[in-house]
Amino acid sequence: MTRFWLVRHGPTHARTMIGWTDLPADLSDRAALARLSAHLPAGAPVISSDLSRAIATADALGNRPRLPHDPNLREIHFGAWEARGFAEVEAEQPDLIRAFWDQPGEVRPPGGESWNALTARTWSALDRLRGAAQDIVVVAHFGPILAALQRAEGLTPGQVFAHRIDTLSVTCLTYGPPPRVFAINHRP
């Protein structure tokens with residue numbers, strides 16, 4: 001059974017919808033990174049999304065075995081809403097953006113992806129990793145971490161959206177059998 005240590009990348013300080021936009025992470029809080037690295041299992045391989053904020057965060061965790069970056073661990077693709085604020089999009093497409101956030105599932109932004117598409121690719125990536133090691137550190141984004149948690153806890157999208165996932169936090173879980181959640185949004 002593989003235990004996944006899901007780490008959210010360092011902060012970007014963006015106040016807009018950032019999915020596939022490749023913003024760098026602010027990794028200046030060396031003390032937080034040191035605590036995070038010390039909390040993670042020694043020698044566990046690390047995999048990250050292929051976006052620079054996840055790669056740089058994974059690099060900052062110290063000298064650990066690395067697996068190839070996986071684009072299936074990227075954040076949700078906001079399409080035409082990328083790098084735009086909620087209020088700006090709401091002024092143009094109020095019904096669509098409200099449905100996207102209030103009824104996650106098949107609703108998608110123009111040119112973007114739905115919550116269900118994100119969960120399918122995230123679950124596929126984690127399924128490929130199951131059994132590769134006892135512990136695997138996965139440096140990813142808010143959406144993929146929630147998608148993994150949704151599956152482990154058997155939650156609806158609306159229920160899992162109630163969880164907070166801070167930058168540089170750890171959510172630790174297995175898919176079982178039976179699935180177990182050891183920590184959600186832990187800040188070492």
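The values are calculated or read from the model by the stated rules, or taken from the named source; none is laboratory data. Remember, predicted model here, so these are calculated numbers, not experimental data. Neighbour counts run over all protein chains shown; Cβ positions are idealised from the backbone, glycine included. The protein model used for the area step is the full one, side chains on, heavy atoms only, and it has no ligands, DNA or RNA in it. Shrake-Rupley method; radii C 1.70, N 1.55, O 1.52, S 1.80 Å.
The table below gives the values:
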read-out: Among (1) among the charged types (D, E, K, R); (2) in contact with an Asp or Glu (Cβ under 9 Å, 6 or more places away or on another chain); (3) crowded, with 20+ Cβ neighbours inside 10 Å - the single one GLU75 does not satisfy; value: (2)
read-out: Residue within segment 41-53 that is among the charged types (D, E, K, R) and over 16 Å from the mean Cα position of the chain (by Cα) present; value: no
read-out: The lone exception for GLY158 - which of (1) at pLDDT below 95; (2) touching an Asp or Glu at 6+ places or on another chain (Cβ under 9 Å); (3) within 16 Å of PHE78 (Cβ to Cβ) it fails; value: (3)
read-out: Qualifying residue in segment 164-171 (condition: in contact with a strand residue (DSSP E or B) (Cβ under 9 Å, 6 or more places away or on another chain), assigned to a strand (DSSP E or B) and of a type in the set (Val, Ile, Thr)); value: yes
read-out: Residue in segment 90-104 that is of a type in the set (Gly, Ala, Ser) and in contact (Cβ under 8 Å) with a residue 24 or more places away in the chain present; value: no
read-out: Cβ pairs under 7 Å, 6+ apart, first in segment 124-143 and over 14 Å from ARG53 (Cβ atoms) and among the basic types (Lys, Arg), second open to solvent by less than 60 Å² (accessible area, probe 1.4 Å) and in a loop (DSSP other than H, G, I, E, B); value: ARG130/THR2; ARG130/TYR175
read-out: Extreme residue, farthest from THR16 (Cα to Cα), among residues of segment 85-128 that are assigned to a loop (DSSP other than H, G, I, E, B) and of a type in the set (Gly, Ala, Ser); value: GLY105
